[in-house]
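Written below as structure tokens is the structure these notes are about.
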Amino acid sequence: MRHRLKDVAERAGVSVKTVSNVVNGHVHVRPDTRARVEEAIVELNYRPNLSARHLRKGRTGVIALAVPELDIPYFAELARHVVSAAAEHGWTVLIDQTGGRRDQERVLASGITDHLIDGLILSPLALTAADLAGLDGTPMVLLGERIEHCPADRVVIDNVAAAGEITSHLIQLGRRRIAAVGAQRTDEGASARLRLAGYRDALRAAGLGYDQTLVASASAWHRADGAAAVRGLLTSGVRPDAVFCFNDTLALGALRALHEAGLRVPEDVAVAGFDDIEDGRFATPTLSTVAPDKEQVARLAIQLLADRLGGDPTVPARELRAPYRLVFRESTRTR
């Protein structure tokens with residue numbers, strides 16, 4: 001049964017006009033009210049009847065990019081590349097922040113904004129394959145390896161191989177007590193899980209044992225989390241001779257904590273990150289890192305979206321892999 005606007009209003013306990021305001025993107029709706037309406041829309045699998053509007057207007061020429069956090073530099077830099085690649089198709093990009101919340105990611109993936117955008121590029125942290133099952137709304141491209149057996153187009157990098165290569169670089173420097181900073185205990189930590197797997201693979205290949213005391217968790221991947229993780233290692237008596245941080249912002253925090261402890265980088269402790277954000281090129285010392293090709297990630301995502309919009313929407317989902325490279329800078333160079 002196709003649900004109506006009235007059904008959503010009754011489920012959310014609001015007026016039909018309020019539901020209409022939410023569906024049409026009006027900003028003057030209280031956040032708690034908007035949340036109730038969006039939840040009711042997802043629960044009822046409500047779809048606006050947009051056939052007549054589409055016949056009159058065709059496509060909007062607008063796509064959306066939704067990322068977990070805009071204050072993570074990697075996502076800000078990626079957004080710049082997405083905007084640039086989209087411009088080549090004459091598209092405007094709306095940018096949204098999900099906070100990594102499953103409810104917000106479900107709302108975006110459910111297609112209730114069909115009338116606002118032609119397609120969606122989404123970097124999920126909490127979304128599951130079950131959340132995507134049976135969706136036939138807005139064409140969508142996912143970023144990352146969060147969802148196995150993904151039913152949507154997606155662009156990935158090989159997190160396991162990249163993490164293994166940067167860890168092997170530290171091993172080749174003669175480092176043997178290599179800490180890993182950024183492990184996460186939640187189901188949302190797909191990138192953390194894959195990068196930890198790559199770290200462990202490199203240790204195993206070098207004949208080094210895996211030492212749980214050298215693994216520091218971080219619920220978020222900000223500078224403060226990296227600093228706190230390294231301070232925790234040092235306070236507990238763990239003394240690494242290298243640190244692999246699961247992103248560059250964690251590594252920037254790690255550099256600060258090591259400096260506060262009077263440890264020299266890289267002489268006493270080598271440090272490597274992941275993402276190649278611009279801040280790492282201006283840190284003291286400059287940061288060695290894994291550099292995903294962010295421009296290529298953006299271009300591949302835009303191309304998948306363009307193919308989906310211009311072709312048969314029923315063709316099987318595709319997975320494209322973007323390249324990466326290792327960048328060696330002062331934080332791992334001893335001479």
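The values are calculated or read from the model by the stated rules, or taken from the named source; none is laboratory data. Note that the coordinates shown come from a computational prediction; the quantities given were computed from them, not determined experimentally. Here the Cβ is made from the backbone with ideal geometry for all residues, glycine too, and neighbour counts use every protein chain on show.
Of the residues that make up segment 107-122, is at least one buried (at least 22 other Cβ atoms within 10 Å of the Cβ), assigned to a loop (DSSP other than H, G, I, E, B) and of a type in the set (G, A, S)?
no
Among L309, L305, which is the only one that is over 30 Å from I171 (Cβ atoms), hydrophobic (A, V, I, L, M, F, W, C) and either touching a helix residue (DSSP H, G or I) at 6+ places or on another chain (Cβ under 6 Å) or surrounded by fewer than 20 Cβ atoms within 10 Å (Cβ to Cβ) (or both)? Full working, then the answer.
Details: L305 fails: either touching a helix residue (DSSP H, G or I) at 6+ places or on another chain (Cβ under 6 Å) or surrounded by fewer than 20 Cβ atoms within 10 Å (Cβ to Cβ) (or both).
It is L309.
Would you confirm whether or not segment 63-79 contains a residue that is assigned to a helix (DSSP H, G or I), small (G, A, S) and either in contact with a strand residue (DSSP E or B) (Cβ under 7 Å, 6 or more places away or on another chain) or touching a residue at least 24 places away in the same chain (Cβ under 8 Å) (or both)?
yes
Select from segment 190-210 the residues that are in contact with a strand residue (DSSP E or B) (Cβ under 9 Å, 6 or more places away or on another chain) and touching a residue at least 24 places away in the same chain (Cβ under 8 Å) and write down the one among them that is surrounded by the fewest Cβ atoms within 10 Å (Cβ to Cβ).
Ranking the qualifying residues of segment 190-210, first place goes to L208.
Matching residues to (1) assigned by TED's automatic domain parsing to the domain that holds L203; (2) basic (K, R); (3) in contact with a Leu (Cβ under 9 Å, 6 or more places away or on another chain):
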residue: R223; (1), (2), (3): yes, yes, yes
residue: A229; (1), (2), (3): yes, no, yes
residue: D275; (1), (2), (3): yes, no, no
residue: D279; (1), (2), (3): yes, no, yes
residue: Q303; (1), (2), (3): no, no, yes
residue: V315; (1), (2), (3): no, no, no
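Surrounded by fewer than 24 Cβ atoms within 10 Å (Cβ to Cβ), of a type in the set (V, I, T), modelled with pLDDT of 95 or more and under 14 Å from T332 (Cβ atoms), is that true of T213?
Considered against the rule, which asks whether it is surrounded by fewer than 24 Cβ atoms within 10 Å (Cβ to Cβ), of a type in the set (V, I, T), modelled with pLDDT of 95 or more and under 14 Å from T332 (Cβ atoms), T213 comes out as no.
What residue, of R146, R175, R239, is surrounded by 18 or more Cβ atoms within 10 Å (Cβ to Cβ), in contact (Cβ under 8 Å) with a residue 12 or more places away in the chain and more than 17 Å from the chain's Cα centre (by Cα)?
R175
Tell me whether segment 256-276 contains one or more residues that are assigned to a loop (DSSP other than H, G, I, E, B), in contact with a Phe, Trp or Tyr (Cβ under 8 Å, 6 or more places away or on another chain) and either buried (at least 24 other Cβ atoms within 10 Å of the Cβ) or among the aromatic types (F, W, Y) (or both). Don't jump to the end; show me each part of the working.
Here is the first cut: in segment 256-276, the ones assigned to a loop (DSSP other than H, G, I, E, B) are 261-269, 275-276.
Cutting the leftovers down to in contact with a Phe, Trp or Tyr (Cβ under 8 Å, 6 or more places away or on another chain) gives us 275.
In the following step, the residues that additionally are either buried (at least 24 other Cβ atoms within 10 Å of the Cβ) or among the aromatic types (F, W, Y) (or both) were identified as 275.
Yes.
Quick check on segment 292-304. Is at least one of its residues within 21 Å of the chain's Cα centre (by Cα), in a loop (DSSP other than H, G, I, E, B) and not basic (K, R)?
Taking segment 292-304 as the starting set, the residues that turn out to be within 21 Å of the chain's Cα centre (by Cα) are 292-304.
Then keep just the ones that are in a loop (DSSP other than H, G, I, E, B); that gives 293.
Next, only the ones that are not basic (K, R) stay: 293.
Within segment 292-304 (the criterion being within 21 Å of the chain's Cα centre (by Cα), in a loop (DSSP other than H, G, I, E, B) and not basic (K, R)), the answer is yes, since at least one residue qualifies.
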